[in-house]
Each structure stands twice: as C-alpha cells, then as structure tokens.
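Below is one structure; the comments refer to it alone.
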Amino acid sequence: MDVIVIGAGIAGAVAARCLAEEQGKQVLVLEKKEHVGGNCYDEKDAYGILIHKYGPHIFHTNDQQVYDWLSRFTEWYAFGHEVVARVGDRLLPVPFNLNTLKQVYGEEKGEELTEKLVNAYGMGSRVPILKLRQSQDPEIQGIADFVYENIFLRYTMKQWGQKPEEIDPGVTGRVPVVISYDNRYFGDPYQGMPLTGYTPMFQKILDHPNITVKTGTEASKLLEIRPGETQVLLEGRPFFGAVIYTGPVDELFDCCYGRLPYRSLRFDFEHYDQPDYQGHSVVNYTVSEEFTRITEFKYLTGQQAEDTTIVKEYPFAYTGAEGEIPYYAIQNPENQALYERYAALAEGISNFHLLGRLAEYKYYNMDAIAARALKLARGLT
Ligand code: FAD
Ligand code: UDP
C-alpha cells in the first residue's frame, strides 16, 4: 500500500480515487461504518423509499471542476431545492426573499419595502441577517427584526443552543436574506441529486483496481498513532506512505487535551401510508417544536411512490458516547485554539494529512470538501 485513507466519506473517497487514478497509487481505505459515503450515505428503507440516513443532502456548487469530476460517477436529477419555514399557520419561503416579504407585508407595502431593500443593497444581493440588523433605516430594521424573530432565533437556539449573535456569523450567513424573487435555498449554478442516489456514486468513485476498501474497520485496529510520535505504525510496523485522516482530530489522539465540541443530531424517521405528508422537501420549524426541520424524501429525490417517509432532526451536544456522531464543528476562537493544538500533533507525524469537515473542524459543504480532496491528492507525491 502506498497511501492509507481513513474514512470513506466524500473527503476520503475523492482523495482515494484521485491518488489511485492520477498517480497510480495503491490506496487502502479504512471506514468504521459498515458502508461508504459518510454523511452522504443513502439507502432504501423498509418501504422502498430512498432516504438519507444522516440527514438531507442536496448537492450544490459553483465550482465547475468539482461538478465535472463528480459527473463522471453519476448522472444528476437536476432540481432547485426550495425550503419553507412553518411560522404559525403560514409557510414562508426561506431564505427570506422578496416573495416572502410580500407574503408577510402584503402586495402594496411589500412593493414599497422591496424598493427600499433594492436601493439599499442592490437587486440580487444576499445580506446576512446580522448585517441587515445593523441598518439604520427603521423600516429595514423592522424587516430585520421580523426575520430574526421568526426565522433565525429559535431555529438557531435549537440547532446550536445559542443565539444567532453568539455563534460564528458565517453560520447564519449561510442562509442570507436574498434581495430577489428566487425561492431556491442555494444560489449555486449547479444543484441537484445524484440520479440513482449518493451511495452508488460513492461506490463508483471507489471502484478502481488500485483501491481496497475495508468497511466495518476502525482505523485504530490497524494503525497506531500516538501523541508526540512522528511515525504511524501499521500492524506494528512503521508505515512510510501518506496517511489521510478524515475523522475527528481529537479522537485521533484519545482527546488528550479534552474533547473538541461538536453538535450532533438525532434523526427520527416516520413512514406514512399516504402519498404526501407536507408537500415540500424540507419544512423548517423556525418558531415551534423541538426538532429543527422535517424532510420528506420523495420531494428531494423525485421518487414516485404511493407512500412516503419523513425525518425529523433533533440537535444536541455531542458527548462522544457510543453511537453518537459528531456532525457540526462549533466554530469560535476558544474551540479553534483547542483544534490547533490537535492539528499541531498531527503535523508532527510525517506524511500525515487532515482532510474534511471533522478533521479540519470546519463547516464545509460537500463541494468544498471534494475540491480540497482533489487539491490535497494532487499535491501529494
Ligand atoms: P464524513 O462524511 O463525516 O466522513 C468521514 C468518515 O470517516 C465517516 O464515514 C466516518 O465513519 C469515518 N471515520 C471517522 N473516524 C474513523 C476511524 N477512526 N476509522 C475509520 N473510519 C473513520 N453538504 C452539502 O453540500 N449539501 C447538503 O445539503 C448538506 N446537508 C447536510 C445535512 C446534515 C444533517 C449534515 C450533518 C451535513 C450536511 N452537509 C451538506 C455537509 C456534508 O455532510 C459534509 O460536507 C460531508 O459529508 C463531509 O464529508 P467528510 O468526508 O469530510 O466527512
Ligand atoms: N438558520 C435558521 N433558520 C432557518 C435556516 C437556517 O436560523 O430557517 C440558521 C441556523 O443557525 C442554521 C444556519 O442558519 O444552523 C445554517 O443553516 P443551513 O440550512 O445551512 O444548515 P445545515 O443544512 O448545514 O444544517
């Protein structure tokens, strides 16, 4: 083996394929789950409905290189993902945009406020809620207060256990107020779902004669990585090839400096013997309920069926207990400083690379990870 990749999510799979194909490396991929795909994994449930086991995943990017690269392994079901927020008895388009504005304020007042927003920020602009709240214009402040109270405050409290102004501004900035009539959740030119699902796409990416995938294999069963050591041991012997690690960096070193904080999620799936549950792929519960959102999968995947499966997402603080999965890094200066200490340990190991959402402790989307994986793999010699 020339390279060991730990984790078969999008980071590990893309890096492995690139190294195998472009550099002729023999790559061993170790994945502790029983399947490939990491968070993106999908499968048919007991009723034949294609579900995303770890929450709804919609591919979107403005990076043509990533789109073209992945398109070698899948065709796409192209669709523009739209989300609505349940606010009392209303369903409001999210991100909050000019359609939402008119729904909330009515045609006439909505028209007036539209002009104001367009003059202030420009048609087509995307304004983070925390920036909108800084407006000195009382009417724009009024809109900002409405959006803050009805879209962001309680959803963010559920998701992060903190208020929007207490978390990294980049997080709420992912869902800006959009000064246009575009109801789509993402602004990227390429968006959609792998036509037959994510799992077949990952299987194809990893299907290469130079790649060996071992699922159900916790890396620490084969590899020894100790704080302060400069060498990785593979089954007791020094391994001189590159190692790419895509798991949580604190767990790599037995949390020797204490745990890095993450948010986790509990997914409650429900099946209904009826063709429709909510008429939308995703409904965000921004003012009520304990869960953040409900996804109805058939509206994401385009699957035709007489019945339907949904999932509710309940956020909680990751503790590291058996069976829990860390999903979201909680980015703030204190956590970043702790992360840097672990990253420094990893840097001390020769030919060892941290890659991906967990290993880099960042809030990356799939496309950003794929781009980073290609860059890392192409930079390895
Ligand atoms: P992961 O997918 O977490 O893969 C890491 C893999 O490493 C896992 O399979 C893990 O089991 C394995 N591993 C870890 N440690 C070890 C070990 N010691 N030994 C062996 N294996 C190990 N992105 C989008 O672009 N669009 C979306 O719509 C979207 N929706 C999301 C919804 C939710 C609820 C969440 C949580 C994320 C979403 N994302 C979305 C982000 C997306 O999931 C990530 O960008 C991407 O999956 C991260 O890939 P990764 O390979 O870095 O990590
Ligand atoms: N958010 C919110 N209300 C919404 C949608 C998003 O408050 O209706 C905030 C919330 O803090 C969330 C963040 O914006 O964590 C980013 O949302 P996104 O949909 O990107 O989260 P993800 O899909 O990654 O869970």
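The values are calculated or read from the model by the stated rules, or taken from the named source; none is laboratory data. Model, not experiment: these values are computed from the prediction. No Cβ is skipped: glycine too gets one built from the backbone with ideal geometry, and neighbour counts run over all protein chains shown. Accessible surface is based on the protein model in full, side chains and every heavy atom, while ligands, DNA and RNA are left aside. Shrake-Rupley method; radii C 1.70, N 1.55, O 1.52, S 1.80 Å.
The mean accessible area for residues of the range 191-327, using a 1.4 Å probe and ignoring ligands and nucleic acids, is 46 Å² per residue. Of the Cα atoms belonging to the chain, the radius of gyration and Dmax stand at 22.1, 74 Å. Working note: 222 nm ellipticity from helices only, DSSP H runs with n ≥ 4, each -39,500 (n - 2.57), summed and divided by the residues of the chain, gives -8500 deg cm²/dmol to the nearest 500. In summary, the lysines within cross-link reach of Lys298, defined as a Cα separation below 22 angstrom excluding same-chain residues under 8 places away, comprise Lys44, Lys53, Lys312. Comparing mean-square fluctuations of Gly236, Gly247, Gly161 from a GNM of the chain with C-alpha springs under 10 Å, the top value falls on Gly236. Only protein atoms count toward the accessible area here, which uses a 1.4 Å probe; on the range 250-381, the carbon and sulfur part of that area reaches 47 percent. Would the range 191-280 count as rounded, prolate or oblate if I go by the C-alpha gyration tensor, calling it rounded below 1.5 in a/c and otherwise prolate when a/b exceeds b/c, oblate otherwise? It is oblate, given that a/c is not under 1.5 and a/b is not larger than b/c. Rank Gly38, Gly279, Gly80 by mean-square fluctuation in a GNM of the chain with C-alpha springs under 10 angstrom and give only the top-ranked residue. Looking only at Gly38, Gly279, Gly80, the largest GNM fluctuation is found for Gly279. For the range 194-258 versus the range 7-82, the spacing of their alpha-carbon centroids is 16 Å.
Considering only the other residues whose Cβ falls under 12 Å of the Cβ of Val232, what net charge follows from Lys and Arg at +1 and Asp and Glu at -1? Walk me through the intermediate numbers first.
Values: positive: Arg226, Arg237; negative: Glu224, Glu229, Glu235.
Once all neighbours under 12 Å are counted, the net charge is -1.
Within straight-line reach of Lys214, meaning a Cα separation under 16 Å, sit the following lysines at least 8 residues removed in sequence or on another chain: Lys32, Lys33, Lys204. Amide H to amide H, with H built 1.01 Å from N, Lys44 comes under 5 Å of Ile51, counting only residues 5 or more places away or on other chains.
Straight-line cross-link partners of Lys131 among the lysines, defined as a Cα under 29 Å from its Cα and at least 8 positions apart when in the same chain: Lys102, Lys109, Lys116, Lys158, Lys163, Lys362. Counting Lys and Arg as +1 and Asp and Glu as -1 over every other residue whose Cβ lies under 14 Å from the Cβ of Thr172, the net charge comes to +3.
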